[in-house]
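Here the structure is laid out as structure tokens; the discussion comes afterwards.
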2 protein chains.
Amino acid sequence: MSQQQEVRVFAPATVANVACGYDVLGFAIDAPGDEVVVRFSEKPGLRITKVTGDDGRLPLAAEKNTAGVAALDLLKHLGMQDRGIEMEIHKKMPFGSGLGSSAASAVAGVYAVNKLIGEPLTKKQLLPFAMTGEASADGAWHADNVGPCLLGGIVFIRSNQELDIAQLEPPKNLWAAVVHPDIEILTKVAREILPESILLENATQQTGNLGGLICGIIQEDYGMISRSIHDVIAEPRRQKLIPEFYNAKRAAMSAGALGFSISGAGPSVFALCEGEESARKVGAKISEVFDKIQLNNQLYVSPINKHGVHVIEGENK
Amino acid sequence: MSQQQEVRVFAPATVANVACGYDVLGFAIDAPGDEVVVRFSEKPGLRITKVTGDDGRLPLAAEKNTAGVAALDLLKHLGMQDRGIEMEIHKKMPFGSGLGSSAASAVAGVYAVNKLIGEPLTKKQLLPFAMTGEASADGAWHADNVGPCLLGGIVFIRSNQELDIAQLEPPKNLWAAVVHPDIEILTKVAREILPESILLENATQQTGNLGGLICGIIQEDYGMISRSIHDVIAEPRRQKLIPEFYNAKRAAMSAGALGFSISGAGPSVFALCEGEESARKVGAKISEVFDKIQLNNQLYVSPINKHGVHVIEGENK
């Protein structure tokens, strides 16, 4: 358990739900993401000394801050809550974007502190602490952002309650084009738009597609992946929160996307594509649709990120 | 396209739904199953000349008989409906048992005729014809019995409408104990007991378990398989049609089963187990529960059948 004086980590954005995997599937992309820096200090306890990129929206009080809550939960678990630690949070992705912003902060916070104190827990063991951090922000308890942000790759969650997850190796040539239009949707609002119950027929259809997507991923069957990326539950209801959603979808599909849907609770949208060239082309077409209505947007093109959160400087290995 | 004078085939029983895979998952076992014999005849058209094991319940008219309908559908597709063919059907499994009895007849009928006429279609291409046969018996259009009966192994159905399926390699040591208690449940009744809509929360849980089961199967993770075998949709409602269901479940689980649920629409029940010895022990325990209330029952212990329908005699290769 070697200790460093300072650790800086990067936690990537994630796409949750992945069309047919409502609350059970997510993947990480290479960028954007949040950065957290931690270092030992003389003063006892965890203190957040600086937050940038948040327009003053995030609390500095550790017990009210997503990254702080996650880190405190870990420190308490280890009986180290009095250890003097300073934390800086650099938000480099928008709030309420559907890109797992609060998950990224929570994961970065707990991962950085775990590294700083000599890595007593494994990445997978950090999952419940990161979950606690994210839950403090949005009130929900689901691992479809935190899981892939922490571990990378495509993460399937059998049970959010039991935190029973499986990591799936992404097909080599699977790329994502993710576009964030500059509007904000609160996860809470996006959740409230969903019905309490759904038709059994639709549930069966969704289950078929989710299973198909997993089979397609594992068997590297891009046709099966493409045929499976359909959401009959959340997308039909949430699309109305996203301007030009169906035009963006049509643009993506006619440019050759394997599938297109809402990232998390939106407003970001994503397309899965076979290969980088296809993803770049598809991404540009989606972005164009938002441009046409003067809606500011950011495009991210990335392979599935296989590693999740990682140290970017300050590690003495 | 070599032709034989007579072909005899065996189509195995199947376990559909597999707890969390309502209408989307099924697997085949080695026995019981139906046999169909076909041979060329002078008289034009398909004629069913003999049916055994059905207590006189099955019609001899080909266009009203499951095996006949499937075979006729194939012959029409090939423009060969006037070809003289005689068919014998030997029912060797009970009706309304939840073991895919009508699927087995349909598959056996179409597979035997396809063999007899020189195998113009592949097994997978026979799927829609077998589906038509089965649908003539129970009115539903789902491939979770027909698929594994035809192809063997564990078959996942992304879409019943599109007949989009994936075959999963069964884990080497995965065995099933299937027990059929001697009561009859009509698929129609078992379907009517299901609600039209379900809670979104339950749908998500079921999706998580289905995905978990597929991951467990593909990654040979018996723990994940075991944690995934839960049905929150059909089992809680259908169990009341099966005497002693929960006692049988408890007996199976405490004897070491990975999971236990209803086979298809019931009344048969199944347990998945790791290894033959475990399956034999679990099967005996389940059987005992039915014995105790003087309910006649048959126990079948089998690895997952990898081959599905096959010729058992009369082939000249």
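Computed values, structure above
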item	result
Odd one out for residue B:211 among (1) in a helix (DSSP H, G or I); (2) modelled with pLDDT of 95 or more; (3) under 19 Å from the mean Cα position of the chain (by Cα)	(3)
Options B:69, B:36, B:24; residue that is closer than 30 Å to residue B:206 by Cα and either out of contact with any Pro (no Cβ under 9 Å at 6 or more places or on another chain) or among the hydroxyl-bearing types (Ser, Thr, Tyr) (or both)	B:24
In the stretch A:1-56, residue modelled with the highest pLDDT [restricted to those that are among the hydroxyl-bearing types (Ser, Thr, Tyr) and within 20 Å of residue A:119 (Cα to Cα)]	A:41
Residue in the stretch A:291-303 that is more than 30 Å from residue A:88 (Cβ to Cβ), in contact with a helix residue (DSSP H, G or I) (Cβ under 8 Å, 6 or more places away or on another chain) and of a type in the set (D, E, K, R) present	no
Unmet criterion (only one of (1) under 19 Å from residue A:149 (Cβ atoms); (2) crowded, with 18+ Cβ neighbours inside 10 Å) for residue A:53	(2)
The stretch A:183-200, residues that are touching a strand residue (DSSP E or B) at 6+ places or on another chain (Cβ under 6 Å) and either of a type in the set (Ser, Thr, Tyr) or away from chain B (no Cβ under 14 Å) (or both)	A:197
Single residue of the stretch A:205-218 satisfying the filter (closer than 18 Å to residue A:173 by Cβ and within 7 Å of chain B (Cβ to nearest Cβ)) that is surrounded by the most Cβ atoms within 10 Å (Cβ to Cβ)	A:214
Test for residue A:200: is it more than 30 Å from residue A:275 (Cα to Cα), surrounded by 14 or more Cβ atoms within 10 Å (Cβ to Cβ) and not assigned by TED's automatic domain parsing to the domain that holds residue A:23	yes
Test: residue in the stretch B:38-46 that is more than 14 Å from chain A (Cβ to nearest Cβ), touching a helix residue (DSSP H, G or I) at 6+ places or on another chain (Cβ under 7 Å) and buried (at least 24 other Cβ atoms within 10 Å of the Cβ)	yes
Top-ranked residue of the stretch B:165-175 - restricted to ones that are within 30 Å of residue A:23 (Cβ to Cβ) and touching a residue at least 24 places away in the same chain (Cβ under 8 Å), ranked as nearest to the other protein chains (Cβ to nearest Cβ)	B:168
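The values are calculated or read from the model by the stated rules, or taken from the named source; none is laboratory data. Given the structure is predicted, the values throughout are model-derived calculations rather than measurements. Neighbour counts are summed over all protein chains in view; Cβ atoms, including those assigned to glycine, are modelled from backbone coordinates with ideal geometry.
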